[in-house]
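One structure is given below, encoded as structure tokens.
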Amino acid sequence: MNRLNIVASLFTILLSTSVLSAEAMNAIAQQAQSSQADHYLSLAERSTKSNKTPLGIQPKDAYYVAAAQFSLEDCINDTTRQCLQLIHALEKGLGVKQSEYLARKWQDNLSASEAVKQSLYQQTLTWFNSARIQRVPLPKIKLGQCHSVEWQRTLVETESVFICRRTAKQLAALSLTTAPKSLLSPREVAKQMGDSERANEFIAMAPFIENKIGRSIKAEWFVLSGLEPRFGCLITTDFEKNIAFKNPCHGDEWNSLGLPLTSNASQWQPTETQPLHIPHYSVDGEEIVLGTLPNNKTVNYQNLKPEPLSIQKKSPAVQMAIAARWQQLPLLESLLEENSYNSMKAEPKRAEILIQAIGTQYLPLIQLLLQKGFQLDEKLKHGGSANEVVKILNNPAINDLIKRHHTDR
């Protein structure tokens, strides 16, 4: 049995395996007429902080996030009750200090103008995907080695971050030359990176690293994301060698500064390999603080703008992928009405729509695509990594959404 069949079988098994108890399933039936937010609030309130998923996600946290996400959609449509549910979900479920602040802002602006509410809505959406602050002691590793940590980037998503310690030889080499500025300038990064949020983070870090040798705040330590910038493959490292980092999925290579050495272009990847992403971080004594800039500020996601929606010249699948990436449900729904799922069977980029939905883990978006006939194993059929599919099915709230969708069909 090849890898695709094995993963497809795993997908089927995961779909058929409930993460909910019999009592919870009975509650689902009783609440069939209730809103999605009501349903997930109820599950969250009955859940206890135990039985973590293989990825360490607490079911209670996942259900509160789901409740908040569905509340957002109704709240922006001026449903006061759902706005109050959103506040409750934020205050109870998200254990970070920004939650109370955002909840109060929503509460104070329930009767505000539509323009203000729209701004708050977008701010809250981007906040769901923004980084969380995490302190990591500088690892006690040998010179020339890298240590991997799991950064809890959002409540439901982790990201591998490499902390590498430079050797005396590497430090000496850094003192002779500096990295090419053309690869580090904010404009170039913004143009190359496919993920605008990561580009925003990279730009925010640029003033702290572009004039320093080694692309790092502290020359001895090099901090970088363990994910390849465009597709999110987990890179491998042999830090002391000239080819310090490799992308096992597509063959790209980077030096010990995280700058490209080779580019293996194909129909599935961009023509140019991008510099490895440097997450926003600061150094505090013997600790690295992920999620904050060196000036103790956080990256401002509020002003992020969607990719230019002059999308008429793009294929329907690409138009939908852009709408999905920016969680623009009305636009995506109208595009789906004009170009059905079945009409795009020959469209090679169709899977990108699913990839964007999986990447954002925004349940209203995933629900819309399920209702329109999309299958979450679509990525497997196009030769992509199965990791995202398995990962999303290990999120209790998303697992629950998929199971209820199949039950209702």
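The values are calculated or read from the model by the stated rules, or taken from the named source; none is laboratory data. From a predicted model like this one, the values you see are computed outputs, not experimental measurements. Here the Cβ is made from the backbone with ideal geometry for all residues, glycine too, and neighbour counts use every protein chain on show.
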Please give the number of the condition R165 fails out of (1) within 21 Å of the chain's Cα centre (by Cα); (2) modelled with pLDDT of 75 or more. (1)
Criterion violated by A323 - all others in (1) within 20 Å of the chain's Cα centre (by Cα); (2) at pLDDT 85 or above; (3) closer than 29 Å to P59 by Cα satisfied: (2)
Identify, please: which residue in the range 134-157 is buried (at least 16 other Cβ atoms within 10 Å of the Cβ) and among the β-branched types (V, I, T) and is, among those, modelled with the lowest pLDDT? V156
Sort through L224, L261 and tell me the only one that's of a type outside the set (K, R), in contact with a strand residue (DSSP E or B) (Cβ under 8 Å, 6 or more places away or on another chain), in a strand (DSSP E or B) and modelled with pLDDT under 90. L261
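One line per residue, one yes/no per condition, for (1) over 19 Å from T154 (Cβ atoms); (2) at pLDDT 80 or above; (3) surrounded by 18 or more Cβ atoms within 10 Å (Cβ to Cβ):
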{"position": "N339", "(1), (2), (3)": "yes, yes, no"}
{"position": "L365", "(1), (2), (3)": "no, yes, yes"}
{"position": "H382", "(1), (2), (3)": "yes, no, no"}
{"position": "N395", "(1), (2), (3)": "no, yes, yes"}
{"position": "D408", "(1), (2), (3)": "yes, no, no"}
Do you know which residues across the range 208-222 are touching a Lys or Arg at 6+ places or on another chain (Cβ under 9 Å) and crowded, with 19+ Cβ neighbours inside 10 Å? G214, S216, F222
